[in-house]
Amino acid sequence: MAIRVARSLQEVDAPHWNALVGDGAPFLRHEFLLALEQSGCATPETGWDAHHLLQHDARGALIGAMPLYLKPHSWGEFVFDFAWAEAYQRAGLRYYPRLVSAVPFTPATGPRLLAQDANAAVTHRSLIEAARDLARELPVSSLHVLFPSASQR
């Protein structure tokens, strides 16, 4: 199964993404996230640089996804970790940038690992490993998952 990084939701077919989201998570719907991009709210210039993970099966069908952003600051996350950033700085370390799985400007709990197939648990593990690999590949201090559903904590 192949995993790739989408730098915009424009690269993803809306019905396929929304099929992974399912019901009950309106802020993860393709239309909502794409509107944040197209309005200029969630763009690299505002500190929300999309690095969404997409997992495809051998036939090329989208079977998993993880909304993911490269963040040079903590604004718009509703998680105030400025003390962590200061502690890193005092220790001579770099806290930013970070990879963050979240919905921009939306402190709503919901899934961050998206999959609807019979092997969702396997897909989730693949996405987590891909996120870790991406965190090692990019110059980031850490990987954060904000406001995950209870079942994905």
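The values are calculated or read from the model by the stated rules, or taken from the named source; none is laboratory data. For clarity, every value in this text was computed on a predicted model and none was experimentally measured. Note that we place each Cβ from the backbone using ideal geometry, even for glycine, and neighbour counts take in every protein chain shown. Calculation scope for accessible area: heavy atoms of the full protein, side chains included, ligands and nucleic acids excluded. Shrake-Rupley method; radii C 1.70, N 1.55, O 1.52, S 1.80 Å.
Could you look through segment 109-143, keep only residues that are open to solvent by 30 Å² or more (accessible area, probe 1.4 Å) and over 19 Å from ILE3 (Cβ atoms), and pick out the one that is modelled with the lowest pLDDT?
PRO139
Out of the residues in segment 12-55 that are modelled with pLDDT of 95 or more, part of a loop (DSSP other than H, G, I, E, B) and charged (D, E, K, R), state the one that is surrounded by the most Cβ atoms within 10 Å (Cβ to Cβ).
ARG29
Could you please let me know if ARG59 is surrounded by fewer than 18 Cβ atoms within 10 Å (Cβ to Cβ), touching a strand residue (DSSP E or B) at 6+ places or on another chain (Cβ under 8 Å) and more than 14 Å from VAL145 (Cα to Cα)?
Taking the combined requirement at face value, the residue does not satisfy it.
Report every pair of residues separated by at least 6 positions or lying on different chains whose Cβ atoms are under 7 Å apart, first residue within segment 36-60 and within 18 Å of PRO139 (Cβ to Cβ) and among the acidic types (Asp, Glu), second open to solvent by 30 Å² or more (accessible area, probe 1.4 Å) and at pLDDT 95 or above.
As it stands, the answer is ASP49/LEU70, since those pairs meet every condition given.
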